[in-house]
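A short write-up of the structure that comes next.
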Amino acid sequence: MSRFVVRASGPLSGTVEVSGATKNSGLKQMAAALLVPGVTRLRNMPRVSDLDVMAELLRAIGARVELAPDNEVVIDASNGLQPEAPYELVTRMRASINVLGPLLARCGEARVALPGGDNIGSRKVDMHLRGFEAMGAEIDVRHGFVHARAAQLAGARVVLEFPSVGATENLMTAAVLAKGTTVIDNAAREPEIADLAAFLNRMGGQVVGAGTATIEIEGVEELAPVDSAIMADRVEAGTLLMACGIAGGEIELVGTRLEHIEIVVMKLGEMGMRVSPTPDGLWARCDTRLSAVDVATLPHPGFATDFMPLAVALLAVANGTAIVTENVYDGRFQFVDELVRMGADVRTEGRHAIVRGVGRLSGAPVSASDVRAGAALTLAGLAADGETVVHDCHHVDRGYADLPGKLRSLGADVTSC
């Protein structure tokens with residue numbers, strides 16, 4: 001859908017199941033399925049638009065991909081692969097770069113266009129390439145493509161200058177079939193990294209330390225296809241919690257885990273919202289206008305950059321003034337101008353935003369510049385007088401299977417058209 005129409009409708013109430021993390025976890029495991037000849041099944045994969053792009057990409061490489069009912073994806077990489085990822089697909093989605101490691105490990109070479117994705121600032125692939133070079137690959141970058149070759153990757157110690165999620169994932173998937181031991185230091189620690197490591201281990205890999213700053217991978221001769229389920233989407237869970245903070249009410253989230261979004265829950269608690277774990281997920285209640293707190297994004301276990309636009313929307317209607325600092329990506333405050341159109345008092349200075357909370361926003365036509373910006377503007381509409389129309393919501397559909405539907409199940413007045 002291209003537009004979301006939002007009208008304030010009072011406090012939220014009810015129980016909702018958190019979707020699987022197709023965008024941040026499932027797509028990476030789809031790429032990793034290229035490592036092994038055979039049929040891999042991935043469950044709990046709701047249909048977001050990025051899933052369609054990854055399916056097209058794997059088909060172009062030579063795998064068979066079926067988007068089966070009940071949120072299942074079936075990948076058959078039995079046949080010979082064409083180790084080239086076309087420009088027209090890779091530039092549509094950042095996660096496409098994740099095929100580089102599996103193709104290099106299985107085929108001995110890979111030619112992948114430099115990736116695209118959300119317009120949220122510079123996200124280079126230098127760390128990926130330096131890691132592959134340390135493992136013995138020859139890298140050639142020209143005309144917008146990365147061409148990597150290695151008759152046999154060899155284990156190596158790789159120190160990342162920043163705990164990059166993409167670089168950690170790519171190096172892990174290459175190292176599982178390398179000869180010897182690979183150690184990734186200053187590795188990303190996100191839950192999605194641990195989910196990918198568990199997937200690789202179920203295939204027969206030997207990955208230890210995922211979720212810590214040091215990951216050790218002992219290369220194996222071969223892997224086997226598996227049937228696996230994707231973790232719940234922690235960003236969707238955080239989105240719904242912040243929706244409750246903006247609109248008020250009492251909700252329960254099924255399927256998510258507190259440890260995956262602990263810093264978000266801690267910040268919401270500081271603001272005055274009550275959040276507690278349940279046997280099945282999380283319970284949250286917000287009875288009064290929340291109080292402002294400062295937020296700074298950091299790699300996990302810090303406050304994730306994906307939550308930042310949502311936090312700004314929440315702080316825009318909180319009591320007091322807060323400073324939000326974006327430490328991960330430059331250019332991620334583009335959505336602020338749209339929030340200001342709705343009456344928010346937000347001023348940006350470089351990597352900082354000063355947010356002065358107002359009692360109520362005003363519905364207005366706004367435009368989504370990326371996945372989380374669109375979600376933030378949608379949530380802001382829950383506390384706006386009149387009607388908010390969020391345009392360009394194809395961006396939101398890249399990461400959320402049905403955000404309006406999830407919000408409607410909690411009593412919100414959000415429609416898509």
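Only aspartates and glutamates eight or more places from residue 406 in sequence, or on another chain, were considered; those with a Cα closer than 16 Å are 17, 233, 236, 250, 252, 397.
Can you figure out the FRET efficiency of residue 133 with residue 323, using R₀ = 41 Å and their beta-carbon distance, to the nearest 0.05? If you can, show how the numbers build up before the last one.
On the way: r = 40 Å, r/R0 = 0.97.
So the FRET efficiency works out to roughly 0.55.
Sorting the segments 82-94, 227-239 by their residues' average number of neighbouring beta-carbon atoms within 10 angstrom, most packed first, yields 227-239, 82-94.
Roughly what % of DSSP beta bridges within region 227-314 run antiparallel, to the nearest 5? The partial results should precede the final answer.
Details: 10 of 11 bridges.
If I count the DSSP bridges inside region 227-314, around 90 percent turn out antiparallel.
With the highest mean first, a sort of the peptides 126-137, 361-372, 271-282, 21-32 on other beta-carbon atoms found within 10 angstrom per residue produces 21-32, 361-372, 126-137, 271-282. By the helix-only formula, in which each DSSP H run with n ≥ 4 contributes -39500 (n - 2.57) and the sum is divided by residues, the chain has a 222 nm mean residue ellipticity of -8000 deg cm²/dmol. Across region 22-229, Cα-Cα pairs more than 32 Å apart make up 6 percent of the total. When mean projected area of the Cα convex hull in nm² is computed from the coordinates, the matching label among (i) 23.7; (ii) 17.8; (iii) 19.3 is (ii).
Using 1/(1 + (r/R0)^6) with R0 = 35 angstrom and r between the beta carbons of residue 360 and residue 227, what's the FRET efficiency to the nearest 0.05?
Values: r = 50 Å, r/R0 = 1.42.
About 0.10, to the nearest 0.05.
Annotation: lysines with alpha-carbon distance below 20 angstrom to residue 124 (same-chain offsets under eight excluded): 23, 28.
In what sequence, highest mean first, do 402-412, 317-327 appear when ranked by Cβ atoms within 10 angstrom? Could you put the intermediate results ahead of the total?
Working: 402-412: 20.3, 317-327: 18.5.
Packing order, densest peptide first, comes out as 402-412, 317-327.
For residue 19, the residues whose amide H sits under 5 Å from its own are 233, ignoring neighbours fewer than 5 places away on the same chain, with H placed 1.01 Å from N.
Where a number appears in this text, it was derived from the coordinates with a stated rule and is not lab data. Everything quoted here is computed from the prediction, not taken from an experiment. Heads up, the Cβs are rebuilt from the backbone with ideal geometry, glycines too, and the neighbour counts pull from every protein chain shown.
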